[in-house]
Structure formats: structure tokens, C-alpha cells
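Just below is one structure, and these are the notes that go with it.
Just so you know, all these numbers are worked out from the coordinates, no wet-lab data involved. This structure is a prediction, so every number in the text was calculated from the model and none was measured. So basically every Cβ, Gly included, is an ideal-geometry build from the backbone, and we count neighbours across all protein chains shown.
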Amino acid sequence: MNNSLNRYDGLRAFRWENDALELLDQRRLPHTVDWVRCHTAKDVAEAIRDLVVRGAPAIGIAAAYGTVLASRGSHFEDDVLLLRAARPTAVNLMWAMDRMVAVADSGSDRLLVEARTIEQEDLAANQCMSKWGAERLDRGCGVLTHCNTGSLATAGLGTALGVIRYGYAAGKIQRVFAGETRPWLQGARLTAWELSEDGIPVQLIADAAAAHLMHSGQVQWVVVGADRIAANGDVANKIGTYALALAARHHGLRTMVVAASSSIDMRTLDGEAIPIELRDPEELLSFAGQAVAPTGVTAWNPVFDITPAELVDVLVTEKGLVEHPNRARMHDLFGA
Ligand code: MRU
């Protein structure tokens, strides 16, 4: 890896220790650094559902290690179903499970090798995408990112955040803005933490400030990750991404989506067919345990949205870049 990037790659969201999966508890960051030890596949499925571990590639990798734990128990098939169902939107989860199940007959040691391979491939993809994505940025630019797409969300370095790390190290990026990412605050709690730990200056904005920020001229690119990209190039990502891409297009700014090929789902025709996770309304109705809305009020809490392909200027993957993605260009790079 490029030497200048090594210093941005010290953080890991998981570790396999003494036959168990340990997950950095992302619910408690940035003020408490604590690890949750998973001994069973059920523990891993719960950790994914409860957002101990989150971010599309990290979910897939955690589930892969969860499959190793499943193979050591006596309910393999049930455990596989449990892991698959932990969260619906990020296709990396189903992709990783398919890879694990394909080698399950070869035994637990083989499954552990496969999980480690999935993890290593993700890190290698991120290194590659970070460089290619940063090359597309103009010197001296400002970027706005959303949610958390860094080491915490992947095997290391990150997707969109990898591009930002690389772009900053290369002297291309001058200003980094991160949306707070209500309601779970991945931007405020996780992205701002990762960048601060790296010594990369970041300014946090309320999600609602994004269009005004664009109007101010301080950013030229929106750089985000993805949870699933359909065969026509439509992108499912953290709720609010669609609004950012719309506002960016209005202001003549560009939107870059950075995602490993494990997030590409050529079997799903378009964004309409991507399942969007609805989470507990409580995530919106209360904050840090305190109610913020009147008793009896309900809430609608979709945690992902679909950005139509025509709003994406460039998709960066480890297999190559897709300019202005559409069905034909996606097919050229990823096949049927
Ligand atoms: O609900 P989360 O925190 O799992 O959502 C994460 C995102 O939406 C990320 O942008 C996406 O998974 C890409 S992470 C490299």
C-alpha cells in the first residue's frame, strides 16, 4: 500500500480471537471503546441487527465469521438463515453468505479461510478504489460525505472515506464536510471520529445544511458509499443520500459512489426492487434515551434510500470505474 496511506489504516471493526468474533461496539463510539465477544452465529446475527457492527462490507465480513461459528454448532442451516436475515438492504451480507455456504461441506477450517479471504479482498479493494477515486478529484476541492464508510464499515481504510483519506494525503482535498446522519449519527459519531483520529480536519453539518453548503461553494464533490447497486446503476445507501445527489446536480456539483463489487447486485433489476430497511420509530422519537416528540406521535424510519443512476456521475469499484452508470455500462463491467 502507498506509504502515506498506512497511517490511515490502523483501525479495525472486528477481530477473530480464540475461536470467537470480537466486534468493536459501534453503538458506544466515539466516547467508549468497547468490544463485544460473539461465541455463536446467533450472537453475530444479533450484533448485526443491533448495529454493534454496521456498514455493508463489515456486515458481510461479520456474517462470514458468524458462519464459521455456525459450523461449530449443531443448527447450521437455521443459523445460516438467521445470519442472512439480520439486515435486508446491504447485499454484501447475502453475497458473503453465498460464498460461505458454497464451501461449507469442506469443514470449519475451510470456512475460516474463506472468511479471512473475504476480509482481505475487501481491504485490497478499498486500497485500489481509494486511489482511483482520489485521482478523479480536482486539486484543492471540498468534499461532502454521508454516513460512515471508513475502517469501521469495512475491512479497513474504507470506500468513500478511503477516497477522502487518499485525496487528503495526496493534497487534493482541502475541505471535508460530514453530514451528521440522523437518526443514528454515523457521520457525527463514527466518521468524525475516524477522521479526527487520522488528523484530517472535518466539519460536521446538520443533514439539513447540505444544500446550503453546496450553494456556498465550499464543496465540489459528494462522495458516498453504497449498500447495494442494482443492475441499472441505481444506488441504495444511507437515508439522505438521494437528497444529496439531487442537490448536487442542481448546484452543478458531482456525485461519486465508491463501492466494492460485493455491493453490486446484477440480479436486482433496479432500485425499486431493493428492499429498504425500516427500523424502530424509537430511533427518531427519542435521543440518548430522552423523548424528543410528544407522547403518542408515530414516526416513519426508512434507513436507506435509492439514488437513481442518472444522478451518479461516477461509480468507483475495484474492477474499474463506471462513468454515468446505466444498465449497459453496468453490464459491460459486471456481466449479467
Ligand atoms: O445503517 P448502516 O450504518 O449500516 O449504513 C451504512 C451505509 O449506508 C454506508 O454508507 C454503506 O454501508 C457503505 S459502507 C462502506
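Here is how the numbers come out for the structure above:
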read-out: Helical mean residue ellipticity (222 nm; -39500 (n - 2.57) per DSSP H run of 4+; nearest 500) of the chain; value: -11000 deg cm²/dmol
read-out: Residues whose placed amide H lies under 5 Å from that of PHE287, excluding near-sequence neighbours; value: VAL292
read-out: Amide H partners (placed H, <5 Å) of ILE205, local residues excluded; value: ALA178, GLY179, GLU180
read-out: Cα-projected label distance for SER106 with HIS215, points at 7 Å along beta-carbon direction, nm; value: 5.7 nm
read-out: Extension reserve of the GLN290-ARG12 stretch, reckoned as 0.36 nm per residue once the Cα distance is removed; value: 97.0 nm
read-out: Long-range amide H partners of TRP35 with built H, under 5 Å; value: ASP25
read-out: Rounded to 5, percent antiparallel among DSSP beta bridges of the chain; value: 50 percent
read-out: Note, ³J(HN,Hα) from phi for segment 12-29, Karplus 6.51, -1.76, 1.60, rounded to Hz, x at Gly and Pro; value: 10, 8, 8, 8, 9, 10, 6, 6, 9, 9, 9, 10, 5, 6, 6, 6, 9, 5
read-out: Angle between the chain longest axis and helix 56-71 axis [Cα atoms, degrees, rounded to 10]; value: 0 degrees
read-out: Separation between Cα centres of segment 74-117 and segment 191-230, rounded to whole Å; value: 33 Å
read-out: By average C-beta atoms within 10 angstrom, highest first, the peptides 311-318, 23-30, 230-237; value: 230-237, 311-318, 23-30
read-out: In Hz, Karplus ³J(HN,Hα) per residue of segment 207-213 (6.51, -1.76, 1.60; θ = phi - 60°; x = Gly, Pro); value: 3, 5, 8, 4, 5, 5, 4
read-out: Dipole-positive endmost among VAL202, PHE76, LEU93 within the chain (Cβ charges, Cα centre); value: VAL202
read-out: Ranking of SER151, SER262 by count of other Cβ atoms within 10 Å, fewest first; value: SER262, SER151
